[in-house]
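For reference, the structure discussed in these notes is given below.
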Amino acid sequence: MDYCKNIIAKFISAMQKRPGLLAVLAFLSGVASFALVDRKESFSQVIAIFLLISWLWLIIDNWLRDKVEEKFGVAVSPNVMRFALQMVQQESLFFALPFFLAVTQWDHPQAIFTSLIVLCAVISVIDPFYYKKLAKNRTLFSVFHNFALFVVLLVTLPILLNLTTSQSLAAALVTAVVVTLPSLNNLMPNAPWWRFPILVLILCALSTAVWQLRSYVPPAALRLTDITLAHEVDLQHKKPVGSIKQLDSYTLHHQGLYSWTAVKAPRGLNEKIFHVWLHNKKEVDRITLNINGGRELGYRAWTHKVNFPSDSVGKWQVKVVTESGQLIGLTKFTVTP
């Protein structure tokens, strides 16, 4: 027991004396996760479990430190606990980041969400700001931590449970809300009783707002590897013949257009997606497709549109979206007189 006590004491002392070194190690761990884009499911599962444990750690922070001091006679600094949480947050954010960077349409509002992930990841490795500003504000720290949980669940749930993108978004949002509820009392320990239900209502309102803005959240598990417009598809090789970016109205009405897409998804995932045709930013058609995950170059599928408005001249878009309206990718073409 004395040996364990000495080891723990030395470890804690080293952490307190060399926070810069440990921060560098944590940052390198995050960079390693960022580089490992082709991850195994078991790795994703470990990260998700670690993050859930770290949230529990946040809730029982004081109790856990008291137990360690009682058992080993070592007073654990709150900064030590914060550092452990910081490492998990870094790993979670940097783990999820490459998935979102790969699927984000940067000319779409979903770029805001991915930029927020980048910002949080950067904050997690800037110790002066993290410890002096974020960690000392329990409300901000709780929001930051649960956002990291929300982000990593968006990535791991489709991989681990084969949930669709819509189901994963709903499950991640509900989980983030549920795990936030116990911490509300810690955020206002001496507040009147009526403030708790008000905060719960505010939390529910924010969750509803996030759901309404779900189109801003990139579908982390689905990546559009190719999208092509053509007059013909080679059925034997399942490839489009040629590529069209501009055509005249006569050709459009007499030949129609194929929208050919290849969407990469995790193995075992079955997802319903839509080809949404827009003319001058107005939706004119929505065609359903079912895709299956697992193919390296993406699941190949196409739709053939032959019914176009009589006045089809103008700018067109074909968006590939999920059942919940999250944008997977898009292409554009122009129709001339």
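The values are calculated or read from the model by the stated rules, or taken from the named source; none is laboratory data. Note that this is a predicted model, so its numbers are computed, not measured. Neighbour counts are summed over all protein chains in view; Cβ atoms, including those assigned to glycine, are modelled from backbone coordinates with ideal geometry.
Of note:
- Taken over the stretch 146-167, the criterion of being closer than 14 Å to Gln326 by Cβ and not in a helix (DSSP H, G or I) is satisfied by Leu163, Thr164.
- Filter pass, Ser312 being in contact with a helix residue (DSSP H, G or I) (Cβ under 9 Å, 6 or more places away or on another chain), in a loop (DSSP other than H, G, I, E, B), modelled with pLDDT of 90 or more and among the hydroxyl-bearing types (Ser, Thr, Tyr): yes
- Index of the failed condition, Thr261 passing every other in (1) surrounded by 13 or more Cβ atoms within 10 Å (Cβ to Cβ); (2) farther than 14 Å from Gly329 by Cβ; (3) in contact with an Asp or Glu (Cβ under 9 Å, 6 or more places away or on another chain): (2)
- Some residue of the stretch 303-325 being over 20 Å from Thr104 (Cβ atoms), crowded, with 21+ Cβ neighbours inside 10 Å and either without any contact (Cβ under 8 Å) to a residue 40 or more places away in the chain or in contact with a His (Cβ under 8 Å, 6 or more places away or on another chain) (or both): yes
- Test: residue in the stretch 117-139 that is under 12 Å from the mean Cα position of the chain (by Cα), closer than 21 Å to Ala209 by Cα and either small (Gly, Ala, Ser) or outside any loop (DSSP other than H, G, I, E, B) (or both): yes
- Pick from the stretch 196-238, criterion farther than 29 Å from Phe113 by Cβ and buried (at least 16 other Cβ atoms within 10 Å of the Cβ), ranking: farthest from the chain's Cα centre (by Cα): His231
- Checking each residue of the stretch 276-287 against the condition of being within 29 Å of Pro158 (Cα to Cα) and buried (at least 18 other Cβ atoms within 10 Å of the Cβ) gives at least one match.
- Subset of the stretch 199-258 (residues that are among the acidic types (Asp, Glu) and under 20 Å from Gln317 (Cα atoms)): Asp226, Glu232, Asp248
For every residue, the table says whether it meets (1) touching an Asp or Glu at 6+ places or on another chain (Cβ under 8 Å); (2) at pLDDT below 80; (3) surrounded by 13 or more Cβ atoms within 10 Å (Cβ to Cβ).
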{"site": "Val76", "(1), (2), (3)": "yes, yes, yes"}
{"site": "Met81", "(1), (2), (3)": "yes, yes, yes"}
{"site": "Val88", "(1), (2), (3)": "no, yes, yes"}
{"site": "Trp106", "(1), (2), (3)": "no, no, no"}
{"site": "Val125", "(1), (2), (3)": "no, no, yes"}
{"site": "Lys133", "(1), (2), (3)": "no, no, yes"}
{"site": "His145", "(1), (2), (3)": "no, no, yes"}
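- Which numbered condition Lys264 fails, given (1) modelled with pLDDT under 90; (2) more than 20 Å from Trp106 (Cα to Cα): (2)
Condition check ((1) modelled with pLDDT under 90; (2) assigned to a strand (DSSP E or B); (3) closer than 14 Å to Thr303 by Cβ) across all residues:
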residue: Pro192; (1), (2), (3): yes, no, no
residue: Val200; (1), (2), (3): yes, no, no
residue: Leu206; (1), (2), (3): yes, no, no
residue: Leu224; (1), (2), (3): yes, yes, no
residue: Thr228; (1), (2), (3): no, yes, yes
residue: Ser259; (1), (2), (3): no, yes, yes
residue: Val276; (1), (2), (3): no, yes, yes
residue: Arg286; (1), (2), (3): no, yes, yes
